[in-house]
1. Please enumerate the residues belonging to the range 13-33 that are within 16 Å of the ligand (Cβ to nearest atom) and either out of contact with any Ser or Thr (no Cβ under 7 Å at 6 or more places or on another chain) or not small (Gly, Ala, Ser) (or both).
2. Can you tell me which residue among ALA48, ALA2 is more than 18 Å from the chain's Cα centre (by Cα) and closer than 22 Å to PRO98 by Cα?
3. With respect to LEU36, determine if the residue is out of contact with any helix residue (DSSP H, G or I) (no Cβ under 7 Å at 6 or more places or on another chain), at pLDDT 95 or above, in a helix (DSSP H, G or I) and away from the ligand (no atom under 14 Å from the Cβ).
4. Looking only at the range 52-68, filter to residues that are out of contact with any strand residue (DSSP E or B) (no Cβ under 7 Å at 6 or more places or on another chain) and at pLDDT 95 or above; which one of those is surrounded by the most Cβ atoms within 10 Å (Cβ to Cβ)?
5. Are there any pairs, at least 6 apart or on different chains, whose C-beta atoms fall under 6 Å, with the first in the range 123-142 and over 18 Å from SER64 (Cβ atoms) and the second within 12 Å of the ligand (Cβ to nearest atom), and if so, which?
6. Checking the condition of a type outside the set (Gly, Ala, Ser) and modelled with pLDDT of 95 or more, which residue from GLU182, GLU198 passes?
7. Within the range 126-143, take every residue that is within 12 Å of the ligand (Cβ to nearest atom) and of a type in the set (Asp, Glu) and give me the one that is farthest from ALA49 (Cα to Cα).
8. Among the residues of the range 39-56, count how many are within 15 Å of the ligand (Cβ to nearest atom) and assigned to a strand (DSSP E or B).
Amino acid sequence: MAIKKVLQYGDDILRQKSKEVTKVSRKIQILCEDLLDTMYAQNGVGLAAPQIGVSLRVFVIDVSNGSNEKLNPMVFINPKIIKKSGAVNSYEGCLSFPKAYTNVRRYKDVVVKALNQKGKSFVLEAKEGELLARAIQHEFDHLDGILFIDHCRNRFEADSILKENNLPPICVEKLIKEDELENEIQKQQAKKENQNEEKK
Ligand code: ZN
């Protein structure tokens, strides 16, 4: 359909809460196509409607993107994360933050319920903190005006990465307190270090 302009961090639309889709009309299907075309054009793994200036609860993901696998476009309309558990450290970026990557906290496993491009309801289980589970959480957040940097594990590191890439600074009041996730991630990292010590 069409490749759209991706809004950059600093644009107010990225901080707004998106509205539910009331009917999966032809217009919504075109929006999904535009999201996929734009995501592929930018070599992204996911893209949410607010990132192209549309405040509706729609996002797309393709975790095969960039690899040699066959394309696997997935559309999520009015998604709900119905279960989340575990914790992982995730090194993330976002098409609205060109070249800026930082460590964020995510749940390891999620179960999401949504409508597909045909308006049919589906439930998807994304496990083991793999790319799909993390992408779902990242894109879902966009629909609530939440950005990956709000989950950053080190605010000072994230701020300097934003600065290096000429992006606006962290919004301190938007930072999400995630003590439980952070504790779990630190525990896992300590365990890994111990195992490495034992191997030496
Ligand atoms: Zn993003």
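The values are calculated or read from the model by the stated rules, or taken from the named source; none is laboratory data. Computed from a predicted structure; not experimentally measured. Neighbour counts are summed over all protein chains in view; Cβ atoms, including those assigned to glycine, are modelled from backbone coordinates with ideal geometry.
1. ILE13, LEU14, ARG15, GLN16, LYS17
2. Selected residue: ALA2, the only one of ALA48, ALA2 that is more than 18 Å from the chain's Cα centre (by Cα) and closer than 22 Å to PRO98 by Cα.
3. yes
4. ILE52
5. Close Cβ pairs (under 6 Å, with a partner that is within 12 Å of the ligand (Cβ to nearest atom)) amount to HIS142/ALA48; HIS142/PRO50.
6. Values: GLU198 fails: modelled with pLDDT of 95 or more.
GLU182 is the lone residue from the list that is of a type outside the set (Gly, Ala, Ser) and modelled with pLDDT of 95 or more.
7. ASP141
8. 3
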